[in-house]
Amino acid sequence: MSQLKERLHDIEKNGYQLDFGNVFNHAFENYKKIALYAGLVLFVFMTLFGILISGSIISVIGVTAMTQELSPEKFKIENLSESSILIFGVISIILTCILSPFQAGFLKMADCGDRDEEFHIATFFSYYKLPYLKEIIVSSALIASISFAQATLFSFMKVDFIGTITTYFISFITLLSIPLIIFGNLKAIDAIKHSIMIVLKQPFVLLGLMVVAIIGAMVGLLGCCIGVFFTLPFLYSMNYAIYSAIVGIDSQDKIDENNFIL
């Protein structure tokens with residue numbers, strides 16, 4: 001049995017201990033190593049991505065039509081046809097799948113920072129390759145599809161608040177799915193299942209850590225909103241620190257990328 005399997009089996013059977021202060025300190029120290037570089041990359045990428053999406057929409061429907069179509073009223077569930085809801089959902093899921101490997105790159109960068117290794121632009125695109133790409137896309141598509149389906153259902157039932165809470169809950173219990181794929185070489189389904197199992201063993205401590213991370217990330221909004229690009233990486237540092245504290249990260253040299261754990 002591999003070291004990872006043994007650790008996951010032990011967690012499932014006996015649970016684990018997690019020190020809030022130690023994890024927070026680990027996340028903050030890691031964040032200080034990656035904040036500037038990650039913030040710059042995030043700012044440039046999101047700016048270019050926004051320009052690309054806006055340019056594509058304008059070229060297809062025009063500025064006036066885009067302004068009308070993107071008004072808040074148009075996106076209320078009661079104003080959307082079933083086909084529009086389906087199209088919106090499919091586009092959201094596709095975008096999530098496209099961006100997920102890029103987000104996984106921030107975890108890779110956090111790992112490099114933790115090991116005091118150099119990281120570059122290419123680090124953010126490390127997982128746009130097999131076998132990681134397939135598993136990241138499958139896990140992201142499954143999570144996004146379930147979240148969208150339940151949110152839509154609750155919206156039709158006029159209880160949007162429950163749908164929103166459920167969406168956050170799904171995101172919370174699956175927060176270790178990507179780390180389990182890229183650091184543990186698990187398949188998508190197994191990563192999701194083990195993430196849920198791990199989170200539910202210590203939900204309140206993990207929730208507290210993520211709430212603190214979100215508050216810390218949102219502090220950047222005070223800096224003319226641009227600062228948020230430099231505080232958002234704290235979320236990835238926290239995700240990395242949580243995974244490192246609970247599961248542990250094996251040396252990358254010992255992982256065979258073509259031999260994912262079944």
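Just to verify a number: FRET efficiency for residue 3 and residue 193, C-beta to C-beta distance, R0 = 22 Å, to 0.05? Kindly include the intermediate steps, with their values, before the conclusion.
Numbers: r = 19 Å, r/R0 = 0.86.
Plugging the Cβ-Cβ distance into 1/(1 + (r/R0)^6) gives 0.70.
Give a residue-ordered list of calculated ³J(HN,Hα) values for segment 2-7 (Karplus: 6.51 cos²θ - 1.76 cosθ + 1.60, θ = phi - 60°; whole Hz; x for Gly, Pro).
Coupling constants for segment 2-7: 5, 4, 5, 4, 4, 5 Hz.
What number comes out for accessible area per residue over segment 87-144 if the probe is 1.4 Å? Units Å², please.
46 Å²
Carbon and sulfur: what percent of segment 142-189's accessible surface (1.4 Å probe)?
Details: 1810 of 2240 Å².
Using a 1.4 Å probe with all protein chains present, segment 142-189 comes out at 80 percent carbon and sulfur.
Among 159, 127, 138, which residue has its Cα furthest toward the positive end of the charge dipole of segment 114-170, with +1 on Lys/Arg Cβ and -1 on Asp/Glu Cβ?
Working it through, the farthest residue towards the positive pole turns out to be 159.
How big is D, in µm² s⁻¹, for segment 90-227 by Stokes-Einstein at 10 °C and 1.306 mPa s if Rh is the Kirkwood radius over C-alpha pairs?
D = 97 µm²/s.
The values are calculated or read from the model by the stated rules, or taken from the named source; none is laboratory data. Keep in mind that this is a model prediction, so the values were computed, not measured. With ideal geometry, Cβ positions are generated from the backbone for all residues, glycine too; neighbour counts draw on all protein chains shown. For the accessible areas, the whole protein counts, side chains as well, though only heavy atoms, and no ligand, DNA or RNA atoms are used. Shrake-Rupley method; radii C 1.70, N 1.55, O 1.52, S 1.80 Å.
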